[in-house]
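Chemist: Next up is a structure, given as structure tokens.
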Amino acid sequence: MSAGEAVAGPGADVPRLMALAERAARAAGALVHGQRPDRLEVDTKSSPTDVVTQMDTAAEDLLREVLAAARPGDGLFGEEGGRRPGRSGLTWVVDPIDGTVNYLYGLPAYAISVAVVRGDPAVPGAWESIAGCVHAPALGETWTAGRGEGAFLDGRRLRMAEPPQLPGALIGTGFGYRAARRRHQAGVVAQVLPQVRDIRRIGCAALDLCLLASGRLDAYYERGLNPWDMAAGQLVVTEAGGRVRGLGRTPPSEAMVVAGRDPLVDRLAQLLADLDAAGPD
């Protein structure tokens, strides 16, 4: 029995699940990067700034096909196609293009996120990631992680360094799609910025988490993430020695995700709580 099997529970062949997550993510990456049309068909979802393209849909269809062929008993929960229940107790949580606005504008900061979780991914705190992959085809980088097996960037094991104090920390964040939420988030950023080294807004939550695990950010926070945005990335962070939490005693959720290494992650979470960063809309 591998370390991953011991941690993840019986029947979870973590190295195989990691390999499948990477294979599926790379297949979708080859599609969206290699076959990107000159003109993308764009539709909107929750607001005029929340966009989806035909390549998001095509990539999720491909992910569903690859994963169902390999593991027909597992469930699937995707950003574009909704949820398909399974019978194995495991569910694949996928984001076919995280950072669609970047993709639309030809910016390279987008990624395919594929994770398999145990529990109900629709309920905060009721699920845990077992294996995952974040593949950034335009950047040529791929992160993988397995519970109890470690986190890796292109096969190189990751281990997060001791973090700086808050005033010396480079913080990643992101913004929601609705105007009222953005207005509130802008006010929070205005109060956080003088207390840290600087803030980065990359526009792809899965990449933010992986960049944190790779030492390119010191901490990260964002309100409004869905399970498909963070299921793979948060496992990369935790397996690299970091922690992903919500505010107070809450688990990471749509209300707030704060990630980093101790003690910085707790210091940032306390600052965000003091600033009422989780609300209102």
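Chemist: Could you grab me the full set of residues in region 239-254 that are free of Cβ contacts under 8 Å to residues at least 60 places away in the same chain and out of contact with any helix residue (DSSP H, G or I) (no Cβ under 9 Å at 6 or more places or on another chain)?
Modeler: Matches in region 239-254: 249 only.
Residue by residue, here is whether (1) touching a strand residue (DSSP E or B) at 6+ places or on another chain (Cβ under 6 Å); (2) assigned to a loop (DSSP other than H, G, I, E, B); (3) among the basic types (Lys, Arg) holds:
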| residue | (1), (2), (3) |
| --- | --- |
| 106 | no, yes, no |
| 124 | yes, yes, no |
| 131 | yes, no, no |
| 161 | no, yes, no |
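Chemist: Go over the candidates 118, 83, 71, 87 one by one and state the one that is more than 21 Å from residue 14 (Cα to Cα) and either basic (Lys, Arg) or outside the structural domain of residue 23 (by TED's automatic domain parsing) (or both).
Modeler: When all the criteria are applied, what remains is 83.
Chemist: What single numbered condition from (1) free of Cβ contacts under 8 Å to residues at least 40 places away in the same chain; (2) within 30 Å of residue 91 (Cβ to Cβ) fails to hold for residue 203?
Modeler: (1)
Chemist: Yes or no: residue 270 loosely packed, with under 15 Cβ neighbours inside 10 Å, on the phi < 0 side of the Ramachandran plot and not in a loop (DSSP other than H, G, I, E, B)?
Modeler: Answer is yes for this residue.
Chemist: Something else about it: In region 112-129, is there at least one residue being of a type in the set (Asp, Glu) and either more than 25 Å from residue 260 (Cα to Cα) or touching a Ser or Thr at 6+ places or on another chain (Cβ under 9 Å) (or both)?
Modeler: Yes, region 112-129 contains a residue that is of a type in the set (Asp, Glu) and either more than 25 Å from residue 260 (Cα to Cα) or touching a Ser or Thr at 6+ places or on another chain (Cβ under 9 Å) (or both).
Chemist: Could you pull out the residue among 262, 274, 229 that is within 27 Å of residue 180 (Cα to Cα), among the acidic types (Asp, Glu) and touching a residue at least 12 places away in the same chain (Cβ under 8 Å)?
Modeler: 229
The values are calculated or read from the model by the stated rules, or taken from the named source; none is laboratory data. This structure is a prediction, so every number in the text was calculated from the model and none was measured. Every residue, glycine as well, gets a Cβ built from its backbone with ideal geometry; the counts of neighbours run over all protein chains shown.
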